[in-house]
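Since the structure comes first, as structure tokens, the remarks are kept for the end.
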Amino acid sequence: MSFTFSTRDTFFLVNCGETCEMSALHFGKVVRFFRLNNYRLSNQLENAENVLVNSCCVITGKVNDVENKLQFVLARPHVKKVVLFGCFAGIETASDQRVMRISSKAIEAINTHFEHRVAIEDISVTSFHPDYFIPYQQSYDPGVRYVLIAQGCENRCSYCNIKNAKGSTKSVPTADIIREITTSVGEGAYEFILLADDCGSYGADRNSSFVELARTLLEIDPRVRLRVHYLFPAALLARRGEYEELLRTGRITYMNVPLQSGSQRILHLMNRAYDPGKVLDTIRRLRELSPKTWFYTHFIINFPTETDEDFSRTLEASAHFDECLFMNYSTNPRTAAAGLDEVDSCRRAHRLAVVHDFLEANGKGLLIDDTTAGPVV
Ligand code: SF4
């Protein structure tokens, strides 16, 4: 079988996904693939004819970052091939003949293009190399293991470029997840973060559901603890009773339920169909059932047409959570929200300052800059 790359090839690696758990996990897996299959990795661009760029396209700032790095490496005449890996919706430079694209959702394509002894699917990575990921949550614990359960989702949020990159849900088979967790339990690890773009979409392509998966995983060993990374609020409301039963076990130690806004009007413009009041009431109930669970959420501020009243509702809603990530809105040109009226720059700056002071005062999380996707506080 002829491969695009042989183990005699040398690679220079560029990581643009250092603030995303899923991107860091996939990048770690690809780097381990290179090492286990004896590819040469150089930390000098001039010593490598091939480059792998771990791409992220969550916000315009990230797209620009990847574009700039791609242009930089493509401007080097000695560079023969560039692999754009990960999420790359809206990254134009990817049209260059020397660029090969492999999405993290189709990671098995690595086997097709790279000569190998160890296949990518036979490589397990459940934690981050410190060089590949910048922890940003107070609840971050390097001892907790990450388990990918799905990519893509069943929703269509009007601002989202991840959806453009990943499309609908691709769930990992339950048997594979059980095997990964059982192996880790055998190694003395009992707490797991279940990673997905939306855990609530798990099983949509397999006639299953996240609640069924979680129940099954808790049956593996009574010491197993689960953290839920990104649960779409509407999915929580749709199966509230079943989530109450899960939380009643006291073994769901963390839930990230991205509310995104405290305003019903803004949620409508985001194409996120749920009542924020009902979500907050559900969080209150789940906290009663499991007082030790850490409730995390995301908010987008300065979403187009956001009024001061909408903004206040968002700040009020944050009181229901233990930790919050505030993201300053940035337009993704290839999304439905791109056509909406932007908030004026003075009001944007004012709200950023309000959130900055709010977080400084209560230490409840962080504000993400819309250009770097990196923390402001
Ligand atoms: S749930 Fe919404 S924001 Fe999250 S990946 Fe899906 S479309 Fe994007």
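The values are calculated or read from the model by the stated rules, or taken from the named source; none is laboratory data. Values in this document were obtained by computation on a predicted structure and should not be read as measured data. We place every Cβ from the backbone using ideal geometry, glycine too, and count neighbours over all the protein chains shown. Accessible surface is based on the protein model in full, side chains and every heavy atom, while ligands, DNA and RNA are left aside. Shrake-Rupley method; radii C 1.70, N 1.55, O 1.52, S 1.80 Å.
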* To do: Count neighbours as other Cβ atoms within 10 Å of each site's Cβ, and list the trypsin sites (Lys or Arg not before Pro) in the range 206-241 that are DSSP loop with at most 14 such neighbours.
  => 223
* Structure fact -> Counting only protein heavy atoms and leaving out ligands, DNA and RNA, the solvent-accessible surface of residue 315 at a 1.4 Å probe, in Å² to the nearest 10, equals 30
* Which of the listed residues, 148, 3, 253, is farthest toward the dipole's positive end in the chain, when Lys, Arg count +1 and Asp, Glu count -1 at the beta-carbon? -> 3
* Asked: Counting Lys and Arg as +1 and Asp and Glu as -1, each charge on the Cβ, what is the dipole of the chain about the Cα centre in debye, to the nearest 20?
  -> 700
* **Rounded accessible area of residue 116 (nearest 10 Å², 1.4 Å probe)** => 60
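Using a 1.4 angstrom probe on the protein heavy atoms only, line up 159, 190 by accessible area, largest first.
Numbers: 159 30, 190 65 Å².
Ranking 159, 190 by accessible area, largest first, yields 190, 159.
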* Structure fact -> In the range 290-377, the chymotrypsin sites (Phe, Trp or Tyr not before Pro) that sit in a DSSP loop and have at most 10 other Cβ atoms within 10 Å of their own Cβ are none
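In whole percent, what relative contact order does the chain give with Cα contacts below 8 Å and a gap of six or more residues?
Numbers: 715 pairs, mean separation 51.2, N = 377.
Answer for the chain is 14 percent.
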* Rounded to the nearest whole Å², what accessible area per residue is found for the range 10-122 with the 1.4 Å probe? -> 41
* Structure fact -> Restricted to the range 145-368, the DSSP antiparallel beta bridge percent, nearest 5, is 5
* May I ask what percent, to the nearest 5, of DSSP beta bridges between residues of the chain are antiparallel? => 5
* Asked: Counting alpha carbon pairs within less than 8 Å and at least 6 residues apart, what relative contact order, in whole percent, applies to the range 145-368?
  -> 17
* To do: For helix 308-318, report the angle its Cα long axis makes with the longest principal axis of the Cα atoms of the chain; keep it between 0 and 90° and round to the nearest 10°.
  => 80
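So how strong a dipole does the range 110-163 carry about its Cα centre when Lys and Arg Cβ are +1 and Asp and Glu Cβ are -1, to the nearest 20 debye?
Numbers: 4 positive and 6 negative charges, 41 e Å.
Here the size comes out at about 200 debye.
Rounded, prolate or oblate for the range 10-122? Axes are the square roots of the Cα gyration tensor eigenvalues, ordered a ≥ b ≥ c, and the cut-off for rounded is a/c under 1.5.
Working: a/c = 1.65, a/b = 1.15, b/c = 1.43.
It comes out oblate by the Cα gyration axes.
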* Pairing the Cα long axis of helix 174-186 with the longest principal axis of the chain, what angle in degrees results, from 0 to 90 and rounded to the nearest 10? -> 90
* Hey, what angle do you get for helix 60-74 against the long axis of the chain, alpha-carbon based, 0 to 90 degrees rounded to 10? -> 10
* **CD proxy at 222 nm, helix term only [per DSSP H run n ≥ 4: -39500 (n - 2.57); per residue of the chain; nearest 500]** => -10000 deg cm²/dmol
* Asked: Out of 286, 89, 359, whose Cα points farthest toward the positive end of the dipole of the chain (charges: +1 Lys, Arg; -1 Asp, Glu; placed on Cβ)?
  -> 89
* Structure fact -> Over the range 254-377, with neighbouring protein chains present, the accessible area per residue in Å² at probe 1.4 Å is 42
* May I ask you to give the percent of accessible area on the chain that is carbon plus sulfur, with a probe radius of 1.4 Å? => 51
* To do: Quote the accessible area belonging to residue 160 in square angstrom, nearest 10, computed with a 1.4 Å probe and with ligands, DNA and RNA left uncounted.
  => 30
* Asked: Taking only the alpha-carbon positions of the chain and ignoring solvent, what does the Debye formula give for the base-10 log of I(q)/I(0) at q = 0.08, 0.10, 0.11, 0.14 Å⁻¹?
  -> -0.42, -0.66, -0.80, -1.26
